[in-house]
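These notes concern the structure reproduced below.
The values are calculated or read from the model by the stated rules, or taken from the named source; none is laboratory data. Nothing here was measured: the structure is a model prediction, and the numbers come from that model. Don't worry about glycine lacking a Cβ; one is built from the backbone with ideal geometry, like all the others, and counts go over all protein chains shown. Accessible surface areas use protein heavy atoms only, side chains included; no ligands, DNA or RNA. Shrake-Rupley method; radii C 1.70, N 1.55, O 1.52, S 1.80 Å.
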Amino acid sequence: LPIGEGTVWTDHGLLPVPAPATLRLLTDMPTCSGPPGVTGELVTPTGAALLKTLVATCAPDGKIKIAGRPPDFTIRKIGIGAGTKDFHNHPNVLRFWIGDSIVPKT
């Protein structure tokens with residue numbers, strides 16, 4: 001997850017990125033730097049909470065799988081959402097897939 005950098009305005013005032021709630025939720029999750037030259041919040045507390053809850057419970061071996069090719073599965077639901085921040089070199093869009101694992105036949 002790209003953690004971002006800089007500061008963000010919140011109801012509590014100006015906070016460092018990642019904000020304290022996001023940082024706590026990202027504990028034990030793989031993170032990386034954001035795209036070069038991009039500042040600000042790249043993972044929100046809501047996004048971190050969703051990932052922390054769903055990824056940890058969906059991983060068959062209990063490990064968090066770093067992005068790459070998706071596993072074999074049957075897609076049941078999709079979600080697409082766009083954020084309000086406009087980045088110059090990439091979209092601010094989240095795609096979310098929910099599905100059932102395909103168990104290989106032995």
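Going by what's in this entry, would LEU23 be described as open to solvent by 80 Å² or more (accessible area, probe 1.4 Å) and at pLDDT below 90?
Taking the combined requirement at face value, the residue does not satisfy it.
Take GLY83 and tell me if it is surrounded by 10 or more Cβ atoms within 10 Å (Cβ to Cβ), touching a Pro at 6+ places or on another chain (Cβ under 7 Å) and at pLDDT 80 or above.
no
How many residues, within segment 71-80, are out of contact with any Phe, Trp or Tyr (no Cβ under 7 Å at 6 or more places or on another chain) and surrounded by 10 or more Cβ atoms within 10 Å (Cβ to Cβ)?
3
I'm trying to understand the selection: among the residues of segment 1-39, which are assigned to a strand (DSSP E or B), among the hydrophobic types (A, V, I, L, M, F, W, C) and over 24 Å from ARG95 (Cβ atoms)?
Within segment 1-39, TRP9, LEU14, LEU15 meet the criteria.
Does segment 40-58 contain any residue that is open to solvent by less than 50 Å² (accessible area, probe 1.4 Å), in a strand (DSSP E or B) and modelled with pLDDT of 85 or more?
Within segment 40-58 (the criterion being open to solvent by less than 50 Å² (accessible area, probe 1.4 Å), in a strand (DSSP E or B) and modelled with pLDDT of 85 or more), the answer is yes, since at least one residue qualifies.
Please work out if ASP28 is modelled with pLDDT of 85 or more and of a type in the set (Asp, Glu).
When the stated conditions are applied, ASP28 does not pass them.
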